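Before any comments, here is the structure.
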Amino acid sequence: MNSPAALVLVAEDEPEIADILRAYLAREGLRSAHAANGREALELHLSLRPDLLLLDVRMPLLDGWQVLAEVRRRGSTPIIMITAHDQDVDKLSALRMGADDYVVKPFNPAEVAARARAVLRRTLGGGEGNGGAGILRTGPLEIDLDAFRVSVRSDQGEQLLALTLTEFRLLAHLARMPRRVFSRSELLHACLPESDALERTVDSHLSKLRRKLEEAGVGGLPVSVRGVGYCLEGNA
């Protein structure tokens, strides 16, 4: 990873846990900052512009859900949620709201640091495995693989989409072969390899991606192929 090292904001109200996470992040060669409550997390997100946010759900002043919603309103900073609840509803809620991944307490701090490094490789190091990235164009969509930027072109001009890291990865993967149908398992392993997410979480991410595309005037994409998976464009 290029110098200076990537910055991870650890939003965690328990000092001991925050210290452990920061120590393991340092072992991965990453810089870190600490926010002890949700309000401080939002303030530091604005002032420090971190490359990744490790966000605990249960925090004083503002909880993790409120912080997640506001950070997503601001942009596409990658977010890994930290929750004490190992329940599918909580995990799916995090993904629907725009989190890129989640870990459940008690966790292995080395695994959390490794996941953080894996996400950062993709966002900062062009780690899509595309050997030079470039621009993908399909229909009205233009996908800049180097800048992690997606725009919709129309007669009214260009509109940028605010996508999460996972949404971007899924869209880019589908766009490389827009008429090929990818199974959920293929998309999961290609776009969330560092996660232990279930295949149905792909549905959640793609549902949110579809809503964002619809809001930008691109309806019906990605296409769901019943019993098989997804493709970006139909075979009409």
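Read-outs throughout are calculated quantities, based only on the coordinates presented, and are distinct from any laboratory measurement. These figures come from a predicted structure and were not determined experimentally. For neighbour counting, all protein chains shown are included, and Cβ atoms are generated from backbone atoms with ideal geometry for every residue, glycine included.
If you filter the range 206-236 for trypsin sites (Lys or Arg not before Pro), then keep DSSP loop positions with at most 16 other Cβ within 10 Å, what is left? Before the final figure, lay out the partial values.
Values: sites: LYS208, ARG210, ARG211, LYS212, ARG226; in loops: ARG226.
Listed in order of number, the matching sites are ARG226.
Can you list the HN-Hα couplings for the range 99-106, worked out from phi with the Karplus curve (6.51, -1.76, 1.60; θ = phi - 60°), rounded to whole Hz and with x for Gly and Pro?
Once θ is set to phi - 60°, the couplings for the range 99-106 become 5, 8, 6, 8, 10, 10, 6, x Hz.
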